[in-house]
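Here's the structure we're looking at; comments come further down.
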Amino acid sequence: MPHATASWLVDNTALSFEQIAEFCGLHILEIQAIADDTAATKLTGRDPVRAHELTLEEIEKGQADPDYRLHMTKGPEQIRRTKGPRYTPVSKRQDKPDGISWIIRNHPEITDGAISNLIGTTRTTIAAIRDRSHWNIANITPKDPVTLGLTTQRELDAAVAKAAKAAGLEAPVDTRLEGDREALIAELRGQREQAARDAEAMGEDGVVAPTVFEPTAENLFKR
């Protein structure tokens, strides 16, 4: 809460605007606006001393020397969410309806609760998109939520597999590497057959019997 901290420092200390701006990570013009009460929003000051981010000794050093740079005692406590929908950056929130629509169309077996956990949305929004009563339904285009950056491919695959198992359906099989897999199997089979032919051609003394080549155009060309 840098702006609230800056407001408290402006009202309760003799620190320079430069010192406050650097400590709070703000522009000096923002500090000037706070001091002149011309900021867009009236802020309630936040005491960094009570928050254990700054000591009175550190403030006194700053007030005595305008060139002194304040040092934070510790960073602010991070609030960690343990339950509820995941956090989605503001820049991606407008893509949520498209991702939800894609899941509903391609994986109708996934429950609203699972979609809520994947995308970070509410069941009300999901239901509105399902029954096409969403206020912006005309502009919603189904798009892969992984491509949109709303979830990961691993999380999506896990949700699909879990939903398919619960519904008694066969989980989809990834066939993107099927051609390569078949080629590898054919190559291994050919190597095994060649090894068997070599073993048959091996004499009792362990020497491979010479192979008689027919004088074909291909053999002559290779030689």
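Name the single residue that is nearest to the chain's Cα centre (by Cα) among those in the range 91-101 being charged (D, E, K, R) and assigned to a helix (DSSP H, G or I). Explain how you work it out, then say what you get.
Within the range 91-101, the subset charged (D, E, K, R) is 92-93, 95-96, 98.
Then drop every residue that is not assigned to a helix (DSSP H, G or I), which leaves 92-93, 96, 98.
Details: LYS92: 11, ARG93: 14, LYS96: 14, ASP98: 17 Å.
Filtering the range 91-101 for residues that are charged (D, E, K, R) and assigned to a helix (DSSP H, G or I), the one nearest to the chain's Cα centre (by Cα) comes out as LYS92.
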*Residues located in the range 128-145, provided they are open to solvent by less than 40 Å² (accessible area, probe 1.4 Å) and either of a type in the set (Phe, Trp, Tyr) or assigned to a helix (DSSP H, G or I) (or both)*: ALA128, ILE129, ILE137, PRO145
*Of the conditions (1) of a type outside the set (Lys, Arg); (2) on the phi > 0 side of the Ramachandran plot; (3) more than 20 Å from the chain's Cα centre (by Cα), GLY149 fails just one. Which one is it?*
(3)
*Can you tell me which residues in the range 156-202 are closer than 30 Å to PRO108 by Cα, open to solvent by 100 Å² or more (accessible area, probe 1.4 Å) and modelled with pLDDT of 75 or more?*
LYS162, LYS165
*Within the range 102-116, considering residues that are in contact (Cβ under 8 Å) with a residue 40 or more places away in the chain and open to solvent by 20 Å² or more (accessible area, probe 1.4 Å), the one farthest from the chain's Cα centre (by Cα)*: GLU109
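The values are calculated or read from the model by the stated rules, or taken from the named source; none is laboratory data. Quick caveat: nothing in here was measured; it's all calculated off a predicted structure. All Cβ positions, even for glycine, are placed from backbone atoms using ideal geometry, and neighbour counts span all protein chains on display. Ligands, DNA and RNA are excluded from the accessible area calculation, which covers all protein heavy atoms including side chains. Shrake-Rupley method; radii C 1.70, N 1.55, O 1.52, S 1.80 Å.
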